[in-house]
Amino acid sequence: MKYKLKKWCAFLLTCIGLIGFSFIMLFCFIDKNKSNVPSHEKATQQTQQIKPKKDELLTLVNYQNQIPDSWKIDLVKLSNGQSIDKRAYPDLQQMMDDARAQGLSPLICSSYRTQDKQQRLFNNEVVAYQQQSSSQEEAEEKASFWVARPGTSEHQMGLAVDIVATSNQQLDESQERTAEQQWLIQNCYKYGFILRYPNDKNQITKVGYEPWHYRYVGKEHAQKIMQEGICLEEYLDKYF
Ligand SMILES: [Zn+2]
């Protein structure tokens, strides 16, 4: 009898020991998993909670929003004769320098445009669509998918640049495959620029895919927009 009791006690102690051990292991595992969250994910979680501040560089200009009357144009002239908003200039210069340091040859083919210039570009685009359209309105509608109507172009704000590869200056989807665009699409946010009209957002932007048109919004906003894979319209809806 005494022997049986001893055996039971030993069995009971073993069970308690095993359960205790399991709990300790479980807690260690949970704790380990917690601390295993990569630091960049932690940073993302934190930054998502911080609401960015709206500033003038986020001014939305699109098919529904004209450039505000109060918009001030303050330009810096580039060495190739193009002009860009003074606030975007240092980052643009740095982006071009860094791209060239990688052995690339990016070329700014368009930047600030006057109302007259935008009107001329738009008119030319409308003419190109007139033959395949049944009315002037239809031709203008089709044209506006590729060239913004005067008064609604980011180029008129001074905050947009069209950058192409020197080896391929075609404004079509082949741009995307150039080493210059691949680098720019990957890195533009570090310099405060976003790829403004991504391929999967034209239902929202109402502008065709332009893997050459970069819009300056400043580094903080550009980082969030590009990393979240959203367009400017979605960003403004989400955070403001
Ligand atoms: Zn453009």
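The values are calculated or read from the model by the stated rules, or taken from the named source; none is laboratory data. What you see is a predicted model; the values in this text were computed from it and never measured. Glycine gets a Cβ as well: all are built from the backbone with ideal geometry, and neighbour counts include every protein chain shown. With ligands, DNA and RNA removed, areas are computed over all heavy atoms of the protein, side chains included. Shrake-Rupley method; radii C 1.70, N 1.55, O 1.52, S 1.80 Å.
Return the only residue of Gln203, Gln223, Gln170, Gln182 being within 15 Å of the ligand (Cβ to nearest atom) and either touching a helix residue (DSSP H, G or I) at 6+ places or on another chain (Cβ under 9 Å) or assigned by TED's automatic domain parsing to the domain that holds Arg87 (or both).
Details: Gln203 fails: within 15 Å of the ligand (Cβ to nearest atom); Gln223 fails: within 15 Å of the ligand (Cβ to nearest atom); Gln182 fails: within 15 Å of the ligand (Cβ to nearest atom).
The unique qualifying residue is Gln170.
Might you check whether a residue that is modelled with pLDDT of 95 or more and closer than 24 Å to Gln169 by Cβ occurs anywhere in segment 220-240?
no
Does segment 110-119 hold any residues that are surrounded by 14 or more Cβ atoms within 10 Å (Cβ to Cβ) and in a helix (DSSP H, G or I), and which are they?
Residues satisfying the conditions are Lys117, Gln118, Gln119.
Identify, please: which residue in segment 206-219 is surrounded by fewer than 22 Cβ atoms within 10 Å (Cβ to Cβ) and more than 14 Å from the ligand (Cβ to nearest atom) and is, among those, nearest to Glu140 (Cα to Cα)?
Lys206
Out of everything in segment 129-152 that is loosely packed, with under 13 Cβ neighbours inside 10 Å and small (Gly, Ala, Ser), what residue ends up being farthest from the ligand (Cβ to nearest atom)?
Restricting attention to segment 129-152, the residues satisfying the condition of being loosely packed, with under 13 Cβ neighbours inside 10 Å are 131-132, 134-137.
Next cut, small (Gly, Ala, Ser) only: 134-135.
Values: Ser134: 28, Ser135: 27 Å.
The qualifying residue farthest from the ligand (Cβ to nearest atom) is Ser134.
Looking at segment 82-96 only, could you name the residues that are part of a loop (DSSP other than H, G, I, E, B) and within 18 Å of Ala165 (Cα to Cα)?
Gln82 - this is the single residue of segment 82-96 that is part of a loop (DSSP other than H, G, I, E, B) and within 18 Å of Ala165 (Cα to Cα).
Show the residue pairs meeting these rules: Cβ distance below 8 Å; 6+ apart or different chains; first residue within segment 195-207 and within 16 Å of Lys224 (Cα to Cα) and modelled with pLDDT under 95; second residue open to solvent by 60 Å² or more (accessible area, probe 1.4 Å) and in a helix (DSSP H, G or I).
Taking only residues 6 or more apart or on different chains, not a single pair turns up.
Select from segment 153-197 the residues that are assigned to a strand (DSSP E or B) and under 14 Å from the mean Cα position of the chain (by Cα) and write down the one among them that is surrounded by the most Cβ atoms within 10 Å (Cβ to Cβ).
Phe193
Could you say whether any residue in segment 69-77 is of a type in the set (A, V, I, L, M, F, W, C) and under 23 Å from Pro211 (Cα atoms)?
No, the conditions are met nowhere in segment 69-77.
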